[in-house]
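Peer 1: This is the structure I want to talk about, given as structure tokens.
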Amino acid sequence: MLIAPRLVLTCAHVVNSALDRDRFDTELPPRGQVVPVRLPHVDRERQLAGRVVPEMWRPPRSRSEPGHPAPPSVGMLPYYGDLAVLELDTEAPPGAEPAPFLHQRDGNEVVAQWASGHTLPTLRAMLRVSAHPWIALDVLGGTVAEGFSGGPLWDRERQAVVGLVVAAHETAGQSATAPPRSDHHGLAAAMYAIGLSSIEAELPGLPPVAVPAAGRGRQQLLVILEELLTTRQAIKECEERLAARLGRKSVGPAADVERLAGMAMGVRRGVPELLDIVYEHIAECRPSGLTESGGWERLLRIARLVSPRERLSLHRRRNLSALLAHCRAIEPKALLRTVLPYAENLPTPVDLADATDILEGYDAQPGQRMAPLLQGVVHISVQERAAGGDVADDLDAWTRSTAPRLGVAPAAVDQFRADASAAHSATVASQRTGAVPPRVQVELLPVSPGHLFTYQIWVWSGDGRHEVVLTQDTEVRSHQVVEAIRTVLRTEVQEHPETAQLEFFVAPAWLRLEVDTWEFPGDVDDSGFHPGITRRVVLRSSERTRETYAGWKRRSSALPAAPRLLLDERCTDPAVARARLEVSPDTGIVVLCCDRQQQGRVLRQCIQAGVHTVLWHREDHGGQLATELLALVEDIDHTHIPEAVRLERAKAMADPDSPAHHGHQLSLLHDGPDHRPPPLAPDPWALTQP
């Protein structure tokens with residue numbers, strides 16, 4: 001396959017065969033040895049001379065480490081390497097263009113094209129599984145024969161190469177390593193190809209490959225480039241820099257924004273490279289241009305339209321991958337689960353470089369500044385530093401350099417890192433002291449007047465899991481919500497040695513929902529489920545804001561020593577309630593005891609002030625009740641308050657002769673800044689989840 005005007009990509013075993021060497025010979029062919037090359041779809045009669053580029057010779061090997069070039073044993077599938085780049089003595093004939101590349105996509109039928117130009121029809125196949133080092137495909141039609149090896153795997157729908165055909169597995173009781181021999185009579189049940197990720201990992205010095213022309217955002221990109229690069233000299237300088245970085249020819253004084261945008265959009269990671277160059281040019285010539293009129297932010301948004309899966313230029317991606325190769329403190333799958341707990345059907349990453357490549361394709365959630373890619377790198381850095389890894393400082397330096405180019409201020413990165421470090425330290429400490437109780441978190445969306453609900457259920461566990469497990473988009477009643485919670489507890493949660501805490505996230509207007517009384521009644525064969533007395537049921541606010549974060553952290557950190565505060569009938573005026581909270585800046589636990597009609601206003605003041613825990617009775621108030629509730633939370637660690645309230649509710653139900661027992665109507669808002677589902681955790685404190 002032609003990848004540049006004078007560069008051809010193929011399999012190393014194809015080169016070995018062309019030179020009459022053993023198919024798995026690992027020795028580098030001499031630079032003076034010519035490999036005959038034809039481009040039959042352009043000029044069938046012309047033979048070109050190619051020579052192996054030494055630094056891009058990857059012979060077949062049995063192990064993943066490039067420093068161990070032992071050839072694979074006969075019949076071994078898959079193996080590693082088997083790539084070669086040939087440099088032509090002259091440019092390709094007119095009409096030959098570099099092949100456009102894209103990552104493979106599940107569900108897309110592809111065709112393997114006959115690499116030698118033979119009249120044999122193409123081969124149809126469907127992706128079975130994608131992983132390093134090979135893509136596995138099911139053959140749908142056609143016969144695998146000698147000549148497909150080294151040829152392109154073509155996605156017709158997207159008009160791009162998604163891999164390089166390398167081998168086939170036959171059904172006649174034998175495996176045919178590439179190239180499959182034409183005298184085998186078995187039908188190929190599976191075909192294998194080397195995908196783009198593996199090609200780039202094996203050949204880090206490979207020039208950026210071409211990509212199909214972008215369909216969206218081109219005109220917008222031209223307009224914003226004209227606004228940011230205001231002189232012809234600026235355009236010329238940027239075009240020359242971009243051409244040099246992408247290995248393309250500059251047109252010098254003839255450069256314009258059309259040429260600049262076209263060059264970037266036609267090459268893999270060309271758009272991020274263009275952004276790097278424009279950023280550097282503006283920073284050198286007029287630094288204020290990065291912030292004035294929002295031009296840089298607009299360029300970033302348009303770039304995501306034009307190149308939605310790419311944020312990093314080629315050299316930044318390679319630098320990151322080189323650092324990640326030394327990281328061992330976090331598993332790739334755990335990293336994805338931490339940063340993207342709301343994403344469904346994520347692919348399984350094989351290493352951290354693969355995981356960050358997946359993160360690169362995702363945008364930040366609304367209200368967050370940090371892109372998932374930067375979140376992931378910060379997580380890796382924090383855990384590497386905690387484990388004593390030497391690479392953490394280099395990862396931080398990479399993040400400091402990259403973040404401004406992605407529109408993220410250094411202060412936001414620092415805040416993110418501080419919160420991530422605190423959360424990781426807390427997680428490690430809790431793991432040392434024993435098993436951490438899991439949490440089932442229900443993001444509840446009531447429909448007025450509060451009898452029907454939609455919801456989303458999350459599961460959090462001390463091992464770092466925090467993900468959506470169940471979503472209900474149609475309206476249901478409370479007993480159906482409870483039934484769903486029971487299902488999640490049975491199928492998704494390990495309740496040993498402690499049962500899960502059940503947390504209902506609701507808007508402040510719905511904090512008076514009696515979720516602790518909800519039940520699933522069951523039937524003759526089912527005893528039902530009463531979470532209010534069998535689980536620690538608490539309320540949490542879904543609308544905590546950035547403005548309350550400082551007070552929230554301060555009050556939460558002071559919980560062990562701060563006194564409890566009573567807000568009674570004298571504090572029903574919102575101004576009075578807020579003043580009482582302001583003169584007690586460290587208080588994080590409040591007992592609310594006032595008329596039920598006033599409770600909502602006072603609760604909102606508590607939330608805005610950053611209060612961690614509020615306990616109140618939904619029906620009664622008065623001096624005696626206030627004393628009892630204060631006694632319930634006095635001299636008790638704040639982490640034990642949900643259990644204390646659960647026992648009070650159970651006592652009330654266990655004594656039907658005491659209908660006035662205060663446990664019947666107790667509500668508990670227990671809402672620290674930690675362990676919040678990412679959509680409910682606005683930047684910069686999303687990383688306070690474990």
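Peer 1: Expressed in nm to one decimal, what extension gain is obtained for the pair Ala213 and Val74 from 0.36 nm per residue of sequence separation less their Cα-Cα distance?
Peer 2: 45.9 nm
Peer 1: With the crude spin-label approximation of a point 7 Å out along Cα→Cβ, what separation in nm comes out for Asp414 versus Ala660?
Peer 2: 5.9
Peer 1: Looking at the chain only, what percent of DSSP beta bridges run antiparallel? Nearest 5 please.
Peer 2: 75
Peer 1: Expressed in nm to one decimal, what extension gain is obtained for the pair Asp463 and Glu284 from 0.36 nm per residue of sequence separation less their Cα-Cα distance?
Peer 2: 59.8 nm
Peer 1: Which shape class, rounded, prolate or oblate, goes with the stretch 439-540 when its Cα gyration tensor gives a ≥ b ≥ c as root eigenvalues, a/c under 1.5 marks rounded, and past that a/b bigger than b/c marks prolate?
Peer 2: oblate
Peer 1: What angle, in degrees between 0 and 90 and rounded to the nearest 10, separates the Cα long axis of helix 218-228 from the longest principal axis of the Cα atoms of the chain?
Peer 2: 80
Peer 1: In whole Hz and in residue order, list the ³J(HN,Hα) couplings for the stretch 651-658 that follow from phi through the Karplus curve 6.51 cos²θ - 1.76 cosθ + 1.60, θ = phi - 60°; x for Gly and Pro.
Peer 2: Working through the residues one at a time gives 4, 5, 6, 6, 10, x, 7, 10 Hz.
Peer 1: Still on this structure, please answer the following. Provide the gained length on full extension for the span Arg124 to Gln220, in nm with one decimal, where the gain is 0.36 nm per separating residue minus the Cα-Cα distance.
Peer 2: Contour length minus Cα-Cα distance gives 30.8 nm.
Peer 1: Additional query: In debye to the nearest 20, how big a dipole does the stretch 471-591 give about its Cα centre with +1 on each Lys and Arg Cβ and -1 on each Asp and Glu Cβ?
Peer 2: For this selection, approximately 800 debye.
Peer 1: Using all Cα-Cα distances in the chain, what percent lands in each 20 angstrom bin from 0 up to the longest?
Peer 2: 16, 39, 29, 14, 2, 0
Peer 1: Where in the stretch 363-386 does the amide nitrogen come within less than 13 Å of the point 7 Å from the Cα of Glu297, taken along Cα to Cβ?
Peer 2: 367-369
Peer 1: Next question. Enumerate the amide H contacts of Phe101 below 5 Å, restricted to partners 5 or more residues apart or on another chain; note that Pro and chain-start residues carry no placed amide H.
Peer 2: Val161, Ala210, Val211
Peer 1: Shape call for the stretch 561-666 from the C-alpha gyration tensor, a ≥ b ≥ c root eigenvalues: rounded (a/c under 1.5), prolate (a/b greater than b/c) or oblate?
Peer 2: Oblate, because a/c is 1.5 or more while a/b does not exceed b/c.
Peer 1: Hey, what's the Kirkwood Rh for the stretch 321-433 if you take every pair of different alpha carbons, in angstrom?
Peer 2: Kirkwood radius, the stretch 321-433: 14.3 Å.
Peer 1: Moving to a separate point now. Report the relative contact order of the chain, percent, no decimals, based on alpha-carbon pairs under 8 angstrom and at least 6 residues apart.
Peer 2: The value is 7 percent.
Peer 1: Also: With +1 assigned to the C-beta of every Lys and Arg and -1 to the C-beta of every Asp and Glu, and no other charges, what is the dipole magnitude of the chain about the Cα centre in debye, to the nearest 20?
Peer 2: 1520
Peer 1: Using a 7 Å offset from the Cα along the Cα-to-Cβ direction at both Asp393 and Thr90, what is the distance between the two label points in nm, to one decimal?
Peer 2: Rounded to a tenth, the inter-label distance reads 5.5 nm.
Peer 1: If a/c stays under 1.5 just call it rounded; otherwise compare a/b with b/c (prolate if a/b is bigger, oblate if not). Do that for the stretch 218-306, with a ≥ b ≥ c from the square roots of the Cα gyration tensor eigenvalues.
Peer 2: Oblate shape, in that a/c is at least 1.5 and b/c is the bigger or equal ratio.
Peer 1: Take Thr230, project a point 7 Å from its Cα along the Cβ direction, then tell me which residues of the stretch 272-304 have their backbone nitrogen under 18 Å from it.
Peer 2: Output list for this probe position: 278-299.
Peer 1: So what's the net charge close to Arg405: Lys and Arg +1, Asp and Glu -1, counting the other residues with Cβ under 15 Å from its Cβ?
Peer 2: In short, +4.
Peer 1: Further, regarding this structure: Using Cα atoms only, what is the angle between the long axis of helix 596-608 and the major principal axis of the chain, expressed in degrees (0 to 90) to the nearest 10?
Peer 2: Compared with the principal axis, the helix lies near 40 degrees.
Peer 1: Kindly list the residues of the stretch 612-629 that lie in the label zone of Ala426, defined by a backbone N under 15 Å from the point 7 Å along the Cα-to-C-beta vector.
Peer 2: Correct set: 612-613.
Peer 1: Let me have the relative contact order for the stretch 439-540, percent, based on Cα pairs under 8 Å that are six or more residues apart.
Peer 2: 26
Peer 1: Note down the Stokes-Einstein diffusion coefficient of the stretch 1-156 in µm²/s, whole number, using a Kirkwood radius over alpha carbon pairs, 4 °C, and 1.567 mPa s.
Peer 2: Diffusion coefficient, whole number: 78 µm²/s.
Every number in this text was worked out from the coordinates using simple rules, so none of it is lab data. As the structure is a computational prediction, the values presented were derived from the model and not from experiment. We place every Cβ from the backbone using ideal geometry, glycine too, and count neighbours over all the protein chains shown.
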